[in-house]
Amino acid sequence: MSFFKKLKDSIAAKTEAVTSIFKDGLEKTRKGFVEKVTDLITRRKKIDEEFYEELEEILIGADVGVTTVMNLIDDLRAEVKKRKIEEAKDLQPILSEKLIELLRGDEANDLRMNPDGLTIILFVGVNGVGKTTTIGKLAHRFKQQGKSVLLAAGDTFRAGAIEQLEVWGQRVGVDVVKHQSGSDPAAVMYDAVQAAKQRNVDVLLCDTAGRLQNKSNLMEELNKIFRVIQREVPDAPHEVLMVLDATTGQNALSQAKLFGEKSGVTGLVLTKLDGTAKGGIVIAIRQELNLPVKFVGLGEKMDDLQQFDSEQFVHALFAGLIQEQEQKEQSEEQ
């Protein structure tokens, strides 16, 4: 059975709606990356040095990350030798297979939830990456699952941050615990945890400040928030999700490295993937950070924040090829 057929079958059980959200959301990356690879394969036919060089260029251009690209090309060379492949077209399924391997982590990308009571999720990341929007969409997702949710407006420094979270709270139908602008974020968290306990809430989603990651006082602020939360709920926060803007590519990667080392990040959310042709950044992040990508933002709508799924991701990238393969197989059967 061909690789693409297997890939299609493996996602057949997943919902049609999610598959199309991935497909639509990754359209720019599909055009800027997979279609260039397809074009290269059609043009070059033979696998030679120039072929590898051009493939390298396309992969780096899609922000897959230099180290990852070098390793991937070495792997492909080894496969070509081992399987005695001469035609470039025979390399496409192998490349797709390798991409799935790179995207798949050992750890599950499900959210860690508290089985006995309140789950606390902390959101970190620099300003402008879509943190508040992500919190709103995740609150909506939890509500759809029948859970009760509370939001904590812990970003007290950025003008308009509290109001923005309130707007999302109203849209989703969820209460927001807040203080005055400029007040102590740890105090907001304390009140939010107390409120969540009193109301028997299932999930507390906490926004935090995102001033630049290299200001040490921000890290001190985060540590203080951690201490306050842990004092009230000893095994919390259950997740610390770092929100990254996919359109910033390699810059997102360096942000994650800086932030991740200092703030105990347990997983990543990549927003605005629909707005970039450099969706390869997901692969770079997956490889270089050893942190699971838990969610990806694939559009503006409420339901466009999706749990990351490596098979859906690669299937969406290679959707055109999978269709071609099917048509070919059908015409051969006739």
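Residues in the range 180-213 that are among the polar types (S, T, N, Q) and open to solvent by less than 10 Å² (accessible area, probe 1.4 Å): Thr208 alone.
Could you list all residues from the range 120-161 that are touching a His at 6+ places or on another chain (Cβ under 8 Å) and farther than 17 Å from Leu305 by Cβ? Explain how you work it out, then say what you get.
Here is the first cut: in the range 120-161, the ones touching a His at 6+ places or on another chain (Cβ under 8 Å) are 120-121, 153, 156.
Of everything in the range 120-161, those that are touching a His at 6+ places or on another chain (Cβ under 8 Å) and farther than 17 Å from Leu305 by Cβ turn out to be Ile120, Ala153, Thr156.
What's the number of the condition Arg227 fails, among (1) open to solvent by 80 Å² or more (accessible area, probe 1.4 Å); (2) without any contact (Cβ under 8 Å) to a residue 24 or more places away in the chain? In the conditions (1) open to solvent by 80 Å² or more (accessible area, probe 1.4 Å); (2) without any contact (Cβ under 8 Å) to a residue 24 or more places away in the chain, Arg227 misses (2) alone. For the range 144-179, residues that are open to solvent by 50 Å² or more (accessible area, probe 1.4 Å) and within 19 Å of Gly210 (Cβ to Cβ) total 9.
Kindly provide the set of residues from the range 21-55 that are closer than 18 Å to Gly279 by Cα, open to solvent by less than 50 Å² (accessible area, probe 1.4 Å) and part of a helix (DSSP H, G or I), ordered by number.
First, pick out the residues of the range 21-55 that are closer than 18 Å to Gly279 by Cα: 21-38, 55.
Among the residues that remain, those that are also open to solvent by less than 50 Å² (accessible area, probe 1.4 Å) are: 21-22, 25-26, 29-30, 32-34, 37-38, 55.
Selection gives Ile21, Phe22, Gly25, Thr29, Arg30, Gly32, Phe33, Val34, Val37, Thr38, Leu55.
Report whether or not Ala284 is touching a Ser or Thr at 6+ places or on another chain (Cβ under 9 Å) and over 28 Å from Glu300 (Cβ atoms). No; evaluated as a whole, the condition is false for this residue. Taking the criterion of being part of a helix (DSSP H, G or I) and in contact with a strand residue (DSSP E or B) (Cβ under 8 Å, 6 or more places away or on another chain), the only residue of the range 68-102 that qualifies is Ala88.
Quick one: what pairs do we get from the range 241-263, first residue among the β-branched types (Val, Ile, Thr) and outside any helix (DSSP H, G or I), second buried (at least 19 other Cβ atoms within 10 Å of the Cβ) and modelled with pLDDT of 80 or more, C-beta under 7 Å, 6+ apart or different chains? Taking only residues 6 or more apart or on different chains, the pairs are Val243/Phe123; Val243/Gly125; Val243/Val129; Val243/Gly130; Val243/Lys131; Val243/Thr134; Val243/Val269; Val243/Thr271. Going residue by residue through the range 133-142, is there one that turns out to be part of a loop (DSSP other than H, G, I, E, B) and in contact (Cβ under 8 Å) with a residue 40 or more places away in the chain? For the range 133-142, residues part of a loop (DSSP other than H, G, I, E, B) and in contact (Cβ under 8 Å) with a residue 40 or more places away in the chain: absent.
When the range 118-132 is limited to residues that are on the phi < 0 side of the Ramachandran plot, at pLDDT below 95 and not in a strand (DSSP E or B), the one that is farthest from the chain's Cα centre (by Cα) turns out to be Asn127. Mind listing whichever residues of the range 110-138 are within 26 Å of Leu317 (Cβ to Cβ), open to solvent by less than 40 Å² (accessible area, probe 1.4 Å) and not small (Gly, Ala, Ser)? Listed by number, the residues that qualify are Leu111, Val129, Thr134, Lys137, Leu138. If you filter the range 1-20 down to residues that are part of a loop (DSSP other than H, G, I, E, B), touching a helix residue (DSSP H, G or I) at 6+ places or on another chain (Cβ under 9 Å) and not small (Gly, Ala, Ser), you find that the one that is most open to solvent (accessible area, probe 1.4 Å) is Met1. Of all the residues in the range 278-288, those that are buried (at least 17 other Cβ atoms within 10 Å of the Cβ) and part of a helix (DSSP H, G or I) number 7.
Between a residue in the range 265-280 that is more than 13 Å from Leu244 (Cα to Cα) and any residue that is open to solvent by 40 Å² or more (accessible area, probe 1.4 Å) and not in a helix (DSSP H, G or I), which pairs come within a Cβ distance under 8 Å, given they are 6 or more apart or on different chains? Listed by first residue and then by second, the contacts come to Thr266/Arg112.
Considering the range 128-177, and only residues there that are in contact with a Leu (Cβ under 8 Å, 6 or more places away or on another chain) and among the polar types (S, T, N, Q), the residue that is farthest from Phe295 (Cα to Cα) turns out to be Thr132.
The values are calculated or read from the model by the stated rules, or taken from the named source; none is laboratory data. All values reported here derive from a predicted model rather than from experimental measurement. Quick reminder, even Gly has a Cβ in these numbers, built from the backbone with ideal geometry, and neighbours come from all protein chains shown. Please note that ligands, DNA and RNA were not included when accessible areas were found on the heavy atoms of the full protein model with its side chains. Shrake-Rupley method; radii C 1.70, N 1.55, O 1.52, S 1.80 Å.
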